[in-house]
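Inspection log for the structure reproduced underneath, given as structure tokens.
Throughout, read-outs are computed from the coordinates displayed, never taken from laboratory work. The model shown is predicted, which means the values in this text are computed figures rather than measured ones. So basically every Cβ, Gly included, is an ideal-geometry build from the backbone, and we count neighbours across all protein chains shown.
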């Protein structure tokens, strides 16, 4: 890319995301009136609100903002966990952030004393935490990219994409765990770039308790195994078991089927839910592919723009392809929402782009020396 084309690319990306984030026809971030009313009713039933509390909630309280999001039903489950109310999987398998929010809010008001104030504060605390995770996730990703390559364009565009993307726009204002999962993905990539397998393992293990999809980042151990021969295979294998142990233990401690992946899935008893798959494959899967492009299309275009010789980095392209296909397959089976769910692998794609950029420069320097 020339400098002018890089600037134009960045401008078009920002316009694209802002235009699609909340009013994307195929996957809106904002609910319609009927969906909002259903969400408010669910909120009333979940917290056993009386009519006075519900009327205040639905007309005057800032709390009604929760139900403006198409993921409002998810937010309700996380608030329930924060309030000490039992939820169900997969929400019950993601206890870290909701419990942390609940412990902070409890310093000011107990749920049983004032339900509305507790829920309002939980929403506010989650917003502040999302902003915190977004800022520091950007810094960790920037540090990882800068450690690998000195390409100024990548120093700017990749952190920009981390901040400005459909997943962030749709979820940062609400009590959801997408932005925290992006943060943990960035920290994982940072420790991968630094060749720190123990910290990598610990971060993935903690991240799994934030959102179980982060288990996919165990592929980073494969990257270290191939790219860094100084790390012993036995040590890498031992470290890679830590996230898997975390993945299993949270299910064991919460008395959930160890093979549970989503509600409606109880693999041990042969129960498999294919509703999401059927919905995603409507119209030959074209709407699903458009949603995938809305989240990962621009990063993949950047990756392709740096592509020169497959032989030079076939392993990195292969690993990136496996990561992308894995998250798409998991989303097809287990997730209703697409852009905000699959964007969690963007830090890995950014990592591969930075590596390829650095290898391209090394190859160019070698060619110049030979001539």
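What is the helix-to-structure angle for 197-208, meaning the angle in degrees between its Cα long axis and the longest Cα principal axis of the chain, kept from 0 to 90 and rounded to the nearest 10?
Between helix and principal axis, roughly 30 degrees.
Convex hull over the alpha-carbon atoms of the chain: what's its volume per residue in Å³?
Numbers: hull volume 57.1 nm³, N = 371.
Given the Cα convex hull of the chain, per-residue volume reads 154 Å³.
For residue 322 and residue 59, calculate 0.36 nm times their separation in residues minus their Cα-Cα distance, and state this gained length in nm to one decimal. Could the numbers behind the result be given before it?
Working: separation 263, 0.36 × 263 = 94.68 nm, distance 4.75 nm.
Full extension from residue 322 to residue 59 adds 89.9 nm.
Cα axis of helix 115-148 to longest principal axis of the chain: angle in degrees, 0 to 90, nearest 10?
0
Taking the Cα-to-Cβ direction at residue 304 and at residue 117 and moving 7 Å from each Cα, how far apart do the two end points lie in nm?
Going by the 7 Å Cα→Cβ label model, 5.6 nm.
Please tell me the relative contact order of region 126-370 in percent, rounded to the nearest whole number, where contacts are Cα pairs under 8 Å and at least six residues apart. Let's see the in-between values first.
On the way: 275 pairs, mean separation 59.7, N = 245.
Dividing the mean separation by the residue count of region 126-370 yields 24 percent.
On a 0 to 90° scale, report how tilted helix 96-105 is relative to the longest principal axis of the chain, with both axes built from alpha carbons and the result rounded to the nearest 10.
The angle comes out near 50 degrees.
Given the options 311, 235, 211, which has the most mean-square fluctuation in a GNM of the chain, springs set between C-alpha atoms less than 10 angstrom apart?
Maximum fluctuation in the GNM of the chain, among the listed residues, is at 311.
Just 278, 123, 107 to compare: in a GNM of the chain, with alpha carbon springs under 10 Å, which one fluctuates most?
107
Which whole-number percentage describes the relative contact order of region 1-138, with Cα contacts under 8 Å and a sequence gap of 6 or more?
Relative contact order, region 1-138: 18 percent.
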